[in-house]
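Notes for the one structure printed next.
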Amino acid sequence: AGYYFGLPENNFQQAVIPYVLVPPNKVDPENFLPATRSMMISRDVWKKLGGFDEKLDHNEDYALAKKMVKPNIEIKFTDRALVGWLPTKNLKDFYRMIYRFALGDIEASIVRPKVKLVFLRYVLVFTALIWTIITNQFLEIYSFFVGLILIYSYWAILKNQRYVEYGRLWLPVLQFTADIAVMLGSLKGFFKKKNN
């Protein structure tokens, strides 16, 4: 399992990198799962795992890496095997990429803990919002929801600012976009699996 780094050409692409790549300070060499952009795998292991699942269209490499964990296949991480990655160039393509990742995870029966947290955040906020509307209290406490949006936006900047030198104002936009893409992609994957 090798590492990878972003090759941004502008501020937007610089802001995309922490939403897609594992930051260097968060790499756990003992549990790092390789991506095909930086992976070397023996033929024996490839055959043992059955290769890529051809039913998966979106992130078959992550599903393959997850399969390596169950039979305890030894994964060696090296930060010297570096691959450059070109970030997506606009918000529409960023949305599509995150949507596809979320859809692909559910198709592969993978539910990441962060996905559960995203759903939990929005369910709680929308439940509170609906309750204030039903009880005619929204106008009295709408500033509470505005405050939540501002705090969440600030948190998006705070958690990623060390990785983004110039594109920090894009971080809240990308956070909300990623949240929506994750939820819609996951729901699409869930209903697609249920109907198959």
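The values are calculated or read from the model by the stated rules, or taken from the named source; none is laboratory data. These figures come from a predicted structure and were not determined experimentally. Heads up, the Cβs are rebuilt from the backbone with ideal geometry, glycines too, and the neighbour counts pull from every protein chain shown. These area figures cover heavy atoms from the full protein model, side chains too; ligands, DNA and RNA do not enter into them. Shrake-Rupley method; radii C 1.70, N 1.55, O 1.52, S 1.80 Å.
Values computed for the structure shown
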quantity	calculated
Positive minus negative residues near Gly2 (Lys, Arg vs Asp, Glu; Cβ under 9 Å)	+1
Euclidean distance between Cα centres, the stretch 113-182 to the stretch 15-90, Å	29 Å
Range in the chain, longest, excluding exposed trypsin sites (Lys or Arg not before Pro) [loop by DSSP; at most 14 other beta-carbon atoms within 10 Å]	90-161
Cα pair distances exceeding 19 angstrom across the stretch 88-196, given as percent	56 percent
Label point 7 Å beyond Cα of Asp79 along Cβ direction - residues of the stretch 2-20 with amide nitrogen under 13 Å	3-5
Alpha carbon Rg of the chain, scaled by the compact-globule rule 2.2 N^0.38 Å	1.17
Solvent-accessible area per residue for the chain (1.4 angstrom probe, square angstrom)	65 Å²
Accessible surface of the stretch 1-135 [probe 1.4 Å, protein heavy atoms]: carbon and sulfur percent	58 percent
Counted charge near Arg121, where neighbours are those whose Cβ lies closer than 13 Å (Asp, Glu -1; Lys, Arg +1)	+1
HN-Hα J in Hz across the stretch 147-162 - Karplus 6.51, -1.76, 1.60, θ = phi - 60°, x for Gly and Pro	x, 4, 5, 5, 5, 5, 5, 5, 4, 4, 6, 4, 6, 10, 4, 5
The stretch 113-156: Rg to Rh, with Rh as the Kirkwood radius over Cα pairs	1.04
